[in-house]
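A short worksheet on the structure shown next.
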Amino acid sequence: MKKYISFILATLALAGLNSCLNDDAVFEDNGSNGIVELTLPARTTSTSYSVKTTTIEVKDVIELPIVVNYTGINGAPTDVQVTLAIDDAAVSKYDASGSTLPLPAKNYELPSSNVITIHKGEKTATYTIKLKPKLFDLTKSYALGVKIASASAGAISGNYSTGIYSLPVKSPWEGKYRVTINWDFSGSTLGSYAQYYPETIETQLKTQGPGIVRGSGIGDLFGGTTDYKFNSDGTIGFTTSSVNIKSITVLESRYDINSLTFYHKTSFKHPTYGDLVLEETYTRIGDLE
């Protein structure tokens with residue numbers, strides 16, 4: 001008799017469980033039948049927004065996919081229209097120091113419509129922004145703020161409705177170079193060294209920051225390091241770690257982002273050797289190993 005009663009109870013319990021499973025087929029999050037959110041890395045309470053980093057190469061066009069997700073086991077219960085918008089204020093809030101700037105509108109192209117559709121039964125849809133890295137000011141750090149402005153169904157996520165898409169640029173100037181070096185020693189006591197120049201050597205330049213690469217030595221004559229900064233106006237900045245190089249003045253400079261070549265003519269003073277002028281022409285010949 002006890003076995004019979006146990007069997008009846010087990011059967012009723014199983015029936016109840018099946019009923020629960022059928023009623024709860026759609027995953028519920030915070031009491032909602034579906035959450036509309038940007039697909040982003042997990043964020044902590046200490047950060048204003050989740051940040052997704054995409055390293056950008058300097059090409060004509062780079063596609064940046066913005067993926068929107070609808071939570072739930074079975075996907076969207078109907079077609080969900082999601083409206084997206086650029087949010088520059090989010091970037092300013094994310095980095096109040098101002099070292100990361102909102103990407104200017106001229107540096108990207110939005111899709112023809114800012115509405116995407118997560119189709120019934122599906123979980124994601126993608127909004128693709130076309131970036132134009134060759135128009136970036138390579139001396140600056142940029143990010144795009146993107147937000148979900150509205151959704152035709154589901155609840156918009158509180159934590160992942162706005163995201164920061166950080167866009168660090170891999171310096172196109174980093175790499176191996178062939179460089180031709182020439183010195184003007186007419187104002188210096190190093191006149192006897194003129195016989196060794198011009199010379200052509202191979203060297204390497206490594207990224208030090210936005211728009212800045214560093215080489216070893218100064219014109220293959222002095223020690224220390226040299227930083228070359230590629231300014232947005234087409235000129236080049238020249239700085240060095242040597243404490244003996246004073247009164248640096250870039251007399252001429254230019255660069256070509258397409259051929260990855262650059263030139264500068266820079267004067268400076270040395271406390272022992274007097275006035276010197278350095279000319280260098282760099283041609284990129286390969287990637288760093």
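Overview of values
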| quantity | calculated |
| --- | --- |
| Dimensionless Rg over Rh [the range 113-234; C-alpha; Kirkwood] | 1.28 |
| Acute angle (nearest 10 degrees) that the helix 2-23 long axis makes with the longest principal axis of the chain, alpha-carbon atoms | 50 degrees |
| Mean Cα-pair separation over length for the chain, i.e. relative contact order, pairs under 8 Å, 6 or more apart, % | 17 percent |
| Reference-scaled alpha-carbon Rg (2.2 N^0.38 Å with N residues) for the range 134-178 | 1.87 |
| Cα-based Lys pair tally, the range 94-246, threshold under 14 Å, eight or more apart or on separate chains | 10 |
| Cut-off under 5 Å, modelled amide H: who pairs with Ser141 long-range | Leu101 |
| Pairs of Cα atoms farther than 22 Å apart, the range 27-166, % | 39 percent |
| Under the Debye formula (equal points on every Cα, no solvent term), log10 I(q)/I(0) of the range 175-286 at q = 0.10, 0.14, 0.23 Å⁻¹ | -0.27, -0.53, -1.46 |
| Percent of C-alpha pairs per 5 Å bin, the chain, short to long | 1, 5, 10, 11, 11, 9, 8, 7, 7, 6, 5, 5, 4, 3, 2, 2, 1, 1, 1, 1, 0, 0, 0, 0 |
| Gyration tensor over alpha-carbon atoms, the range 225-289, equivalent ellipsoid semi-axes in Å | 24, 13, 10 |
| Estimated [θ] at 222 nm from DSSP helical runs (n ≥ 4, -39500 (n - 2.57)) normalised by residues in the chain, nearest 500 | -3500 deg cm²/dmol |
| Computed E for Ser99/Thr39 - FRET, C-beta separation, R0 22 angstrom, nearest 0.05 | 0.25 |
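FYI, it's all coordinate maths here, none of it is from the lab. These numbers come from a predicted model, not from an experiment. So basically every Cβ, Gly included, is an ideal-geometry build from the backbone, and we count neighbours across all protein chains shown.
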